[in-house]
Amino acid sequence: MSPLFPALAAGSTRPALHFGDQALSHAELATVAGALAARIAGAPRVAVWATPTLGTAVGVVAALLAGVPVVPVNPKTGERELTHIVTDSAPALVLAERSVELPPILAELVRVDTDVTDVTDVTGGSDAADPVVSPPAEPSPEDPALIVYTSGTTGPPKGVVLPRRAVAANLDALEDAWQWTEADVLVHALPLFHVHGLILGILGPLRRGGSVRHLGRFSTDGVARELSSGATMLFGVPTMYHRIAEALADDPALAKALTGARLLVSGSAALPVHDHERIAAATGRRVIERYGMTETLMNTSVRADGEPRAGTVGVPLDGVELRLVDETGAAITAYDGDTVGEIQVRGSNLFTEYLNRPDATEAAFDNGWFRTGDMAIRDPDGYVRIVGRKATDLIKSGGYKIGAGEIENVLLEHPGVREAAVTGEPDEDLGERIVAWIVPAQADAPPSAEELAAHVGAQLASHKRPRTVRYLAELPRNDMGKIMKRALRG
Ligand code: MCA
Ligand code: AMP
């Protein structure tokens, strides 16, 4: 396989990474990441403490250069989730910036700093375009590149093993769909422990030989600033585009900046048509949507040279086969904009397995087709419209996938909780908001919503905290004793 990052290998002096006032060219990145790669080469696996910083990007690139699989860790993960991820993935090393105080389970590991202070420190004063360490031979395409943890309906998150082949093939399919070139400058503010922010948002520009400016934290001001000073593309989750749509009316500079962008891309959840239309009305530009999953990377997209159509996620990408199946498992042949089926995909974009979970890996496939759990229809010209998902116990909030069962288990451990059920409710900003339905152990002294949110936040990632808590005398159950979540409405 060709190198994952040709511009690094070629020593390009074009800008590559920009985080706040820290920046590296491809050549400088080749130097600092090459030196780090030499230090970690041979490790079976590394964890990266994935703060939204230059050090995280350098650490991930270094591991990929060294052929060492990377486990990105959400720095806001709670104790139980972190313990599961570390125990399950068994990293030999942890990469983090020097200033980070790591939690005990990671502090036990050998730690390697990712700080980039001065590129000449690493090169010993030699020309940055001439890396002191030549990267090891390119690993096999089927070797794991990253292990990204993703929530299911119940139980702890599963580690999705993504091979180098999937990363390369999918980023190249996006090059084609988005006419993505080395001239593109991407701006985004996504977290660096998921596919969207890390693989598309950091590795994508590096593979193209272009650059990325990461905002550290999302703000409409940051988006406007970068898009009006040379950035060409924006990646975001619908919550970010919703906040942009809200701000546009009073912010002509933001509208002007978006008007000048080459491509505005939304994904990770559905962008409501209302937000599509508000942005189009204020800027004359259409946001395009792409549809992906941690296990599959990107499956479909509206193409840069295609017709933008709000409410659709476009057509299958190069290398991706997509079919809809009915409840009997039979493929639906109709392209009638009406018949609903589950999306199944296969192709070079797919993951290899769930780490240590052969049972779950087997259950995820139907004769080689990956079952996404997303329900869709197809327009006559092949555009896919996602209309829902099979599992009611999966919540998408702010673009994060969250399993209800995992939160319920933690809530049930609180001494003030007798019974708990978690649902997602429509939320203008987040798409869905996590709601906890609680039967208190003592009706006259229920634990407060803040206490329950803090309890969940201590064990799980901070975005899994319930935003609303509702108290009931009992949960609605059917004759079998199963909680009837559909009866839980605010
Ligand atoms: C949140 N807060 C809370 C609670 N929930 N406080 C108390 N109780 C709660 N229940 C806190 C937040 O932690 C934050 O605190 C503060 O409230 C305000 O939050 P805000 O800034 O509004 O941001 P947010 O609401 O926390 O986040 C919005 C966001 C975020 C920035 C859009 O959801 C986000 O980054 N989403 C991206 C998710 C993503 O990348 N998904 C991709 C996975 P503090 O300020 O102290 O933190 S999907 C994927 O990869 C597939 C392949 C795909 O298709 O893309
Ligand atoms: P995750 O497992 O966090 O990678 O999330 C993957 C899920 O996000 C998919 O199965 C879809 O349900 C959802 N998703 C991603 N992109 C879109 C989109 N553009 N429109 C609707 N849903 C999406």
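Odds and ends about this structure:
- For the stretch 250-323, the Cα-based Rg and Dmax, in that order, read 13.4, 43 Å.
- Simple Cβ-charge dipole of the chain, Lys/Arg +1 and Asp/Glu -1, about Cα centre, in debye nearest 20: 340
- Helix axis angle, 273-283 relative to the chain longest principal axis, alpha carbon, degrees: 40
- Protection proxy ranking, highest mean first, for peptides 473-482, 223-232, 160-169, 449-458: 160-169, 223-232, 449-458, 473-482, where packing is the per-residue count of other beta-carbon atoms within 10 Å, averaged.
- Listed residue pairs exceeding 28 Å between alpha carbons, taken from 76/256; 396/485; 256/401: 76/256; 256/401
- Carbon and sulfur %, accessible surface of the chain computed with the full protein complex present, 1.4 Å: 51
- Accessible area, probe 1.4 Å, largest first, for residues 291, 400: 400, 291
- The residues 279, 483, sorted by heavy-atom accessible surface at 1.4 Å with ligands and nucleic acids left out, run 483, 279 from largest to smallest.
The values are calculated or read from the model by the stated rules, or taken from the named source; none is laboratory data. Nothing here was measured: the structure is a model prediction, and the numbers come from that model. Backbone-built Cβ (ideal geometry, glycine too); neighbour counts: all protein chains shown. The accessibility values were calculated without ligands, DNA or RNA, using every heavy atom of the protein model including side chains. Shrake-Rupley method; radii C 1.70, N 1.55, O 1.52, S 1.80 Å.
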